[in-house]
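Shown next, in structure tokens, is the structure this report addresses.
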Amino acid sequence: MRKNIVAGNWKMNKTLEEGLTLAKEVNESLKGADLKCDVILGTPFIHLASVVGVVDADKIAVSAQNCADKEAGAYTGEVSAAMVKSTGASYVILGHSERRAYYHETPEILKTKVQLALKNGLKVIFCIGEVLEERENNIYFDVVKSQIVDSLFDLSGEEFSNIVLAYEPVWAIGTGKTATPAQAQEMHAFIRKTVADKYGKEIAENTTILYGGSANPGNAKELFANPDVDGGLIGGASLKPADFKAVIDAFN
Ligand code: 13P
């Protein structure tokens, strides 16, 4: 059975002190809760080790938002997958549309990052999604399929079991414009079929596929109710503990 997951992506927000306060508040809000999903906090690199230290590991996993496409060495300013792993984090978000658009991360670079992350024992939350123009031109299935094939389909079935997919239509990120539950379900079912065609039905059924893009307490329940939507990757609403908790509660 696949896992349901609610993951927060803090992006470039919060000082160390503010981030620790947020992590502690989220942790506190889950005390005694009968959780129906796994919870992940995706923090900036500098927060990772400290956040790992203040949350209950049986309830909350910690994720980086990126890692280097090199193992180690003279790459000033970069943070390797091994370093992320050494903080106690267990996930890394890769392929976010902001990294693709602003930092020119190509499918080839992302493929290398995914392989390094898995090699170092991290699970990967791999983001895919079309821009508005691609949706309007009706090529969104092709775009998303290529993103998956180009960066992930060199993996073995066993390696692929450590991938969580996150469908994040770029037009819905930070815009307040959410995909409708029907649009999300349609794409998630397509993604699952794409995985099934390559790795077989069992691996596809076990793959967690998250929705991201202006998900919030007001729409999470309706989105998560769809058979192929296994949770969310939450930006803005993950910065407010009450909202994040309410999204988690959408599974109850
Ligand atoms: P918002 O929830 O702020 O739209 O961000 C979504 C996102 O990009 C998560 O990775």
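The values are calculated or read from the model by the stated rules, or taken from the named source; none is laboratory data. What you are looking at is a predicted structure, and each value in this text was computed from that prediction instead of being measured. Positions of Cβ are backbone-derived with ideal geometry, glycine not excepted, and every protein chain shown enters the neighbour counts. Just the protein is used for accessible areas: all its heavy atoms, side chains included, with ligands, DNA and RNA removed. Shrake-Rupley method; radii C 1.70, N 1.55, O 1.52, S 1.80 Å.
Just reorder W171, W10 by solvent-accessible area, largest first, 1.4 Å probe, all chains present.
Largest to smallest exposure gives the sequence W171, W10.
Taking each residue as 0.36 nm, the span from K193 to N226 lengthens on full extension beyond its C-alpha to C-alpha distance by 10.3 nm.
What percentage of the solvent-accessible surface of the stretch 106-208, computed with a 1.4 Å probe over protein heavy atoms, is contributed by carbon and sulfur atoms?
The value for the stretch 106-208 is 50 percent carbon and sulfur by accessible area.
Restricting the calculation to Cα atoms, every distinct pair contributes to the Kirkwood radius of the stretch 152-252, found to be 14.0 Å. Taken over the C-alpha atoms, the stretch 75-140 has Rg and Dmax values of 13.9, 44 angstrom.
For the stretch 50-111, the equivalent ellipsoid derived from the Cα gyration tensor has semi-axes of 24, 15, 9 Å, listed largest first. Computed with every protein chain present, the accessible area of M187 is close to 0 Å² [probe 1.4 Å]. Using the empirical formula 2.2 N^0.38 Å as the baseline, the Cα radius of gyration of the stretch 97-184 reaches a ratio of 1.13.
Modelled spin labels at K31 and D58, positioned 7 Å past Cα toward Cβ, are 1.5 nm from each other.
Spin-label pair T180-F141: with each label point 7 Å from Cα along the Cα-Cβ axis, the two points sit 1.8 nm from one another.
What the Cα atoms of the chain give is an Rg and a Dmax of 16.8, 48 Å.
The length gained by stretching the chain between E133 and D150 to full extension, at 0.36 nm per residue less their Cα-Cα distance, is 4.0 nm.
With no solvent and one point on each alpha carbon, what is the Debye value of log10 I(q)/I(0) for the stretch 8-79 at q = 0.14, 0.17 Å⁻¹? Log10 I(q)/I(0), no solvent term: -0.47, -0.65.
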